[in-house]
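Reviewing the structure listed below.
The values are calculated or read from the model by the stated rules, or taken from the named source; none is laboratory data. Model, not experiment: these values are computed from the prediction. Neighbour counts are summed over all protein chains in view; Cβ atoms, including those assigned to glycine, are modelled from backbone coordinates with ideal geometry. Keep in mind that these areas ignore ligands, DNA and RNA; they rest on the heavy atoms of the full protein, side chains included. Shrake-Rupley method; radii C 1.70, N 1.55, O 1.52, S 1.80 Å.
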Amino acid sequence: MSMRPANFDYQRPTSLSEAIQLLANNDEAKALAGGHSLIPAMNQRLSTPEQLVDIGRLDELKGISTNNGTLSIGALSTHAQIAASSDVRTHCAALATATGLVGDPQVRNWGTLGGNLAHADPASDPPTVVLAAGGTLHLQGPNGTRSVSADNFFIDLFTTDLQPGELITRIEIPSLQGKKNAYVKLAHPASRYAIVGVCVVLEMNGNECVSARVAVGGATPKATRSPSAEERLTGSSLQVAAVDAAAEALVNDIAGDVMGDLFAPEDYRRAMAGVYLKRAVQAAMA
Amino acid sequence: MNVSITINGTVYERDIEPRMLLVHFIREELGLTGTNIGCDTSQCGACTIHMDGRSLKSCTCLAVQADGREITTIEGLADGDNLHPMQEAFWDNHGLQCGYCTPGMIMASTAFLKDNPHPTEEEIRHALEGNFCRCTGYQNIVKSIKAASEKMGG
Amino acid sequence: MQLTGSYKFNHEQQAVWDVLMNPDAIAKALPGVDELIPVEGEPDTWRADAKLGIATVRGKYSGIVKLSEQNPPNQYRLTVSGSGQNSIIDGTTLISLSYDADNQQTILNWEADVQISGKLASIGQRLIGAAANMMSKQFFQGLEKQLPKS
Amino acid sequence: MGTRIFGSGIRRREDPRLITGQAKYTDDMVLPGMVHLAMVRSPHAHARIVNIDTSAAEAMDGVIAVYTGEQVTLNPLPCAWLIPDSDLITPEHPAVAVEKVRYVGDAVALVVAETRYQAEDAADAVRVEYEVLPAVVNPEAATRAGAPQLHDDVPNNIAFRWVASSGDEGVEQAFAEADVVVKERIVQQRLIPTAMEPRSAFAQWNDAAEELTVWYTTQNPHIHRFVLSGVTGVPEHKLRVIAPEVGGGFGSKIPVYADEALTAWVAMQLNRPVKWTETRSENYQVTIHGRDHIEYVELAAKNDGTVTGIRGTVYAGLGGYLSTAGPGVPTILHGLMYSGAYTFPNIRCETIGVMTNTTPVDAYRGAGRPEATFLIERLMDKMAKALNMDPVELRRKNLIPPFENGHDVAIGLTYDSGNYEAALNKALEIVDYDALRREQAEARTKGRYIGIGVSTYSEICGLGPSQVAGAVGFQGGLWESAIIRVSPAGKVQAMIGASPHGQGEETTFAQLISDELGFPVEDIEIVHGDTNQTPMGWGTYGSRTTPVAGAALVLAARKLKEKARAMAAHLLEAAVEDIDYEDGKFFVKGSPDNAKTIQEITLMATVAWDLPEGMDPGMEESQFYDPPNFVYPFGAHIAVVEVDPETGIVKLKRYIAVDDCGPQINPVIVAGQVHGGIVQGIGQALFEGAVYDDNGQLLTGTMMDYTLPRADDFPNFELDHTVTPSPHHPAGIKGVGETGTIASTPTVYNAVIDALQPFGVEQIDMPLTPSRVWQAIQESSSNRGGD
């Protein structure tokens, strides 16, 4: 019974390229950013990497800025920094909300967005928002840099498109200023992970919703968009019937993939996905 | 690996295994046992300290990650013989019983007040979501933090 | 824990059956396994060492893989028992094949009874079902890759 | 005369060390040459041990020794509550499993290493081969034919059958002749005590002196010395048990566990200081759990609301072995509570104690009494509904009328004092009950589901007369003792055998002494927790420290006061009966200006230059106290909840507690006890529950899955009290450590069911998690009410 990690080799590279080299050289190496997903697993000895490459001090991965309205968030930005950023509040309020709901204050102080997205915990909050917001992940690896849309980044349970040796360097999110957006969450009361988290991004023209993006997390092995719900909302004036229909569509879209556990069995999670879609629309329009 | 960590104003240099958690560095290497351990999954908050001014669960950080940083533990909170207003408030308001969660509660709440010096009761309750107490039902902890915020806010 | 799932192969049933019975193919398809070593005196039983897991939760397991109750080319039982990471995993899966002539697909249905003991049982509760689904999918995908392109 | 210190909410004297990080808990202890112990535990709930290979572990860096059960020479762990007339069987409980493991976490080997990291590395390297056996976790299922058998000498896994009855004939008749009978199957789910400080032991053996010292996370160091002596063979006078700072217990630090005894044993083997501290996961697996009942209960009444009988059959899960007080909790502490605050004339409780492949079950806050109160209060609400009566009216009709000095209830106990209706009225006044019901009705018309729960309770605590302890099979006494020792300059040390760990007796007991003798509180030190420094006592649990140890202390203080009075008379050259006392001063009646202070008197008694004839020197008294009866605190609690029918989320909106524990020494500390108790009780109603799968794996094995209440789950509680002194306690005081837990579970549960009335929901198993509440609403036949 442990709360002490097994031994490992520790490296603290001073540049991004050095970090990538170290990770590329060793299949059993892991990148360590904030460590708030990795260290708990190591404490339980469920994770026993041979080597940790501490990227936590690389300045290349820090900072939040906007460029023509596009938010650019360095991978090492902490949840607390993001939640408190006026740029983020302006351009992607839902992300400020979601990062403010991760874990608890101590976790938010040190856990990083890059680490969180790379870990791709199905019950984590930020992936759902980055997906709904149409974010892009910028990656750098031994073969250079590339960009992957959030739609293509999350592959399965804890599984992403990150290749060996690759790191997330920053996350770009197109400005949602002028679009209605919100993230709402039903949290597991013990772990604080999302049982269901729903993010909606609604572009309105007067009373009409002209485009919608809907993503759900927590309920399924990965953050997942709901094309049918988006379709129901688009072109509607978000009247009760349309939102109810969207909720039902969302539930149908994810029906086969919903996970269950002791606290929230599958049928409950499925139903809550619909309920929280409605609440997300309400919150976005409030 | 050699690390140099400033704790409560004193620089400590030690050669440690990279796997050593910061909480074990504080408790076992330095003998600062005011920081307690109440769980093994980063939930309970008993081990909360400040690193570079922000609250951190020291069980969720390797000591090597703290290399070169500034840390404050419960032992370093008071100014000499003068208790920190948060310590005073916990004492005045019966904000503790067995005391085991108390250092973590005090460290978490002092960090919280830096970000939000005039919190509502609801905000205080929310800010404690990373800290468990099994004795007080949180009632007097919330009261203590409120009292401290009023005292510190002047 | 009872788990069920299905997988569709775009191949003839006999071809799917053959690959399911081929220890080399199984070894290649099992995530993290390099080789199945036959256990002497036990038919259709192999010993394996595996590097198993998902993302950060990954560790070395060693265990036994056994095929039984074969009813070619329709049904068999795959039993896996392994231990590692202070955990023990015992699973028995009844695998059934049927052929969907309309779509020219072999449909594989599996019904598993998985018993997890130790560390993973106490801490992995919220994710075990999803992890089992994902790993079974990887296994069948791994087998499919070894079938001739149809 | 100044403000009386008794009743004053002064700041706690414990706090300065706790708020500055200077307090020392067991795991904080360090001695030169210290080594670390880690346990190798079974991952299986039920298995035969085929082979243990320690060779790899022994070869690892820093490893000093690896021991298996066969090498360990400790005596088996005793069960210490041998309830009579129950055919109790106590299967052997070895400190380390040798042939068979019986729950996940059962220790199979020990690893000792220079550092904790090394000990844990090596524990991982011990290879154990098991033959896995089928397991059983449900106490009712475990008694059925064909169920896996845990112990060869416990047929059908039934460790005992116990009955408490006011007379079976009368009970039968009451149910036969009732107008209405309501029934319920209640699952008292398993709870994990979760003291914030995990258990820890630190042992030092002095080989030359043959002395063993053990620092220990214990609620009762003297009991632990008594039992540890038997388990280790070290005689008691060579065995010192010290409870340093203890970070909460809630019952979980009463029992004698293998781990602490093993730590001591290893220290003796190696002649080096040894430390063992459990991790939280380990705590969840091996430190006792609470509750775990499956109850079939029913209540009989007449149409006018007069309750005529209550009875129940309880399957009580005991775990893989009998814990120290395990059999006593679901029997003596449960069945004897079935009277509650009511005049029930016919009562019967049958408890079947069952071994299952789970963590042993023992006393958790309230211990038996919350389970009983829950079923009584649950049945009362159900009966009110069946009779179409307001639940408050039904309770009022059946409450025991006020009494000041003894009331016999049908189960055979004599309650000390009570005024239940006064407490109920006060609580109802605080919430304005009628207005609240109107508000509820109004809210329902708007699709909001508010629920109101009201409970009245009386509990048994202040355990208890030793004669009763003996009669009910408790293998110890239940008296306490205290020594008050005043130094020449008038500073006071009071030594008590009880062992507080968060309850604040360093403050309240100083207030008691100050109140009796006039020493300022800051001159009084309460010494506890060290068997070498304190007189014998049986420990802190069952809300007994103030009722029993506090009584010993008050009587010792009064003895001391009489000596001081005699000394004062001598110094003032007056007759003893002419000496008056006020605020620490003794004087001849009518001449308060010519007074001797208690400090002056102490000095003169201590130098002993001139003592009255026959007086011994010094200012020190000791007192043993065996209470003549239990104490019976009581009260009324009200909860207001709102249920979100779309999600099943229950929001606690108000909580009102009116408790009566007699006079309060320190009302701030009393309130703190009540707060914590309420939250633990609500934890059972809404959040907490240990869950095993069918194979005995604990699925809620960490704080990530076992839901502990958090700060944002609660509103501000509204507390008030009434004061009904206990007639037999020298200061009239009753216990208050468990009242909150006893009352709050049914109060909140009933409030939720009340909120769900429009949906026709009658019953939901605890904890009332959102998915369960939602499910119940979905399944309810009349869920059209929710539209």
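What tally of residues in the range D:469-493 results from selecting those that are open to solvent by less than 60 Å² (accessible area, probe 1.4 Å) and either without any contact (Cβ under 8 Å) to a residue 60 or more places away in the chain or polar (S, T, N, Q) (or both)?
5
Residue under question is B:Ala66, and the condition is that it be among the aliphatic types (A, V, I, L, M) and either closer than 28 Å to B:Glu150 by Cα or out of contact with any strand residue (DSSP E or B) (no Cβ under 9 Å at 6 or more places or on another chain) (or both); does it hold?
No, not satisfied.
Evaluate the range D:346-363: report whether one residue or more is assigned to a helix (DSSP H, G or I) and either of a type outside the set (A, V, I, L, M) or within 26 Å of D:Asp85 (Cβ to Cβ) (or both).
Scanning the range D:346-363 turns up no residue that is assigned to a helix (DSSP H, G or I) and either of a type outside the set (A, V, I, L, M) or within 26 Å of D:Asp85 (Cβ to Cβ) (or both).
For the range D:255-271, which positions are surrounded by fewer than 24 Cβ atoms within 10 Å (Cβ to Cβ) and either of a type in the set (S, T, N, Q) or within 14 Å of chain B (Cβ to nearest Cβ) (or both)?
Within the range D:255-271, D:Gln269, D:Asn271 qualify.
Scan the range B:110-131 for residues that are within 10 Å of chain A (Cβ to nearest Cβ), open to solvent by less than 70 Å² (accessible area, probe 1.4 Å), in contact with a helix residue (DSSP H, G or I) (Cβ under 7 Å, 6 or more places away or on another chain) and outside any loop (DSSP other than H, G, I, E, B) and jot them down.
Residues satisfying the conditions are B:Phe112, B:Ala127.
Rundown of residues vs (1) among the acidic types (Asp, Glu); (2) buried (at least 24 other Cβ atoms within 10 Å of the Cβ), yes/no style:
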| residue | (1), (2) |
| --- | --- |
| D:Asp659 | yes, yes |
| D:Ile665 | no, yes |
| D:Val668 | no, no |
| D:Gly677 | no, yes |
| D:Gln680 | no, yes |
| D:Gly683 | no, yes |
| D:Leu686 | no, yes |
| D:Asp694 | yes, no |
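Taking the range D:96-127, which residues are at the interface with chain A (Cβ under 10 Å from one of its Cβ atoms), in a loop (DSSP other than H, G, I, E, B) and more than 30 Å from D:Val354 (Cβ to Cβ)?
The answer is D:Thr115, and nothing else.
Any residue at all in the range D:766-786 that's within 14 Å of chain C (Cβ to nearest Cβ), touching a strand residue (DSSP E or B) at 6+ places or on another chain (Cβ under 7 Å), open to solvent by less than 20 Å² (accessible area, probe 1.4 Å) and aliphatic (A, V, I, L, M)?
Checked the range D:766-786: no residue is within 14 Å of chain C (Cβ to nearest Cβ), touching a strand residue (DSSP E or B) at 6+ places or on another chain (Cβ under 7 Å), open to solvent by less than 20 Å² (accessible area, probe 1.4 Å) and aliphatic (A, V, I, L, M).
Any chance you could count how many residues in the range B:39-98 are among the charged types (D, E, K, R), in contact with a helix residue (DSSP H, G or I) (Cβ under 9 Å, 6 or more places away or on another chain), under 23 Å from B:Arg14 (Cα atoms) and open to solvent by less than 30 Å² (accessible area, probe 1.4 Å)?
Total satisfying the criteria: 1.
Report, ordered by the first and then the second residue, all pairs with beta carbons closer than 7 Å, sequence separation of six or more or different chains, a first member in the range A:154-179 that is within 14 Å of chain C (Cβ to nearest Cβ), and a second member that is hydroxyl-bearing (Ser, Thr, Tyr) and surrounded by 20 or more Cβ atoms within 10 Å (Cβ to Cβ).
Every condition considered, the pairs that remain are A:Phe154/A:Thr160.
Kindly provide the set of residues from the range D:706-748 that are of a type in the set (Gly, Ala, Ser), more than 7 Å from every other protein chain (Cβ to nearest Cβ) and crowded, with 24+ Cβ neighbours inside 10 Å, ordered by number.
D:Ser726, D:Gly735, D:Gly737, D:Gly740, D:Ala743, D:Ser744
Could you list, in sequence order, the residues of the range D:400-415 that are over 20 Å from D:Gly335 (Cα atoms) and not in a loop (DSSP other than H, G, I, E, B)?
Once the filter is applied, which keeps residues that are over 20 Å from D:Gly335 (Cα atoms) and not in a loop (DSSP other than H, G, I, E, B), the range D:400-415 yields only D:Phe403.
Being touching a strand residue (DSSP E or B) at 6+ places or on another chain (Cβ under 9 Å) and over 23 Å from D:Gly737 (Cα atoms) is the filter here; which residues of the range D:361-389 pass it?
Answer for the range D:361-389, where residues must be touching a strand residue (DSSP E or B) at 6+ places or on another chain (Cβ under 9 Å) and over 23 Å from D:Gly737 (Cα atoms): D:Leu379, D:Met380, D:Asp381, D:Lys382, D:Met383, D:Lys385, D:Ala386, D:Leu387.
Filter the range B:35-50 down to residues that are more than 8 Å from chain A (Cβ to nearest Cβ) and assigned to a strand (DSSP E or B) and give me whichever is farthest from the chain's Cα centre (by Cα).
Residue satisfying both the conditions and the ranking: B:His50.
Name the residue, out of D:Ser281, D:Ser252, that is crowded, with 23+ Cβ neighbours inside 10 Å and not in a loop (DSSP other than H, G, I, E, B).
Going through D:Ser281, D:Ser252 in turn, the sole match is D:Ser281.
Could you look through the range D:649-705, keep only residues that are over 30 Å from D:Leu133 (Cα atoms) and acidic (Asp, Glu), and pick out the one that is farthest from the other protein chains (Cβ to nearest Cβ)?
Among those that are over 30 Å from D:Leu133 (Cα atoms) and acidic (Asp, Glu), it is D:Asp660.
Checking C:Ser122 against (1) more than 12 Å from the chain's Cα centre (by Cα); (2) over 23 Å from A:Glu266 (Cα atoms); (3) within 14 Å of chain D (Cβ to nearest Cβ), which single condition isn't satisfied?
For C:Ser122, the exception is condition (2).
Kindly check whether there is at least one residue in the range B:13-21 that is at the interface with chain D (Cβ under 9 Å from one of its Cβ atoms), in contact (Cβ under 8 Å) with a residue 24 or more places away in the chain, surrounded by fewer than 22 Cβ atoms within 10 Å (Cβ to Cβ) and out of contact with any Pro (no Cβ under 6 Å at 6 or more places or on another chain).
Checked against the condition, which is being at the interface with chain D (Cβ under 9 Å from one of its Cβ atoms), in contact (Cβ under 8 Å) with a residue 24 or more places away in the chain, surrounded by fewer than 22 Cβ atoms within 10 Å (Cβ to Cβ) and out of contact with any Pro (no Cβ under 6 Å at 6 or more places or on another chain), the range B:13-21 yields at least one hit.
Hand me the list of strands (runs of 3 or more DSSP E) wholly inside the range D:468-573 holding 2 or more residues that are of a type outside the set (A, V, I, L, M).
Strands (runs of 3 or more DSSP E) meeting the threshold: D:480-486.
Hey, could you check the range B:51-68 for residues that are within 16 Å of the chain's Cα centre (by Cα) and part of a loop (DSSP other than H, G, I, E, B) and say which is nearest to A:Gln11 (Cα to Cα)?
The selected residue is B:Cys61.
Pick from the range D:363-382 the residues that are out of contact with any Gly (no Cβ under 8 Å at 6 or more places or on another chain) and aliphatic (A, V, I, L, M): which of them is nearest to D:Val182 (Cα to Cα)?
D:Leu379
I'd like the full set of residues that are among the aliphatic types (A, V, I, L, M), within 11 Å of another protein chain (Cβ to nearest Cβ) and under 28 Å from D:Arg102 (Cα atoms), limited to the range D:27-79.
D:Ala38, D:Met39, D:Val40, D:Ala45, D:Ala47
Could you please let me know if D:Ile19 is away from every other protein chain (no Cβ under 14 Å) and open to solvent by less than 20 Å² (accessible area, probe 1.4 Å)?
no
Take residues that are out of contact with any Asp or Glu (no Cβ under 9 Å at 6 or more places or on another chain) and tell me which of the strands (runs of 3 or more DSSP E) falling wholly in the range D:632-744 contain 3 or more.
Per the criteria, D:634-644.
Search the range C:125-150 for residues being outside any helix (DSSP H, G or I) and away from chain D (no Cβ under 14 Å), and hand back the single one that is least open to solvent (accessible area, probe 1.4 Å).
Once the filter is applied, the top-ranked residue is C:Leu147.
Only residues that are among the hydrophobic types (A, V, I, L, M, F, W, C) and either in contact with a strand residue (DSSP E or B) (Cβ under 9 Å, 6 or more places away or on another chain) or open to solvent by 30 Å² or more (accessible area, probe 1.4 Å) (or both): list them for the range D:142-167, please.
Passing the criteria: D:Ala142, D:Ala145, D:Leu150, D:Val154, D:Ile158, D:Ala159, D:Phe160, D:Trp162, D:Val163, D:Ala164.
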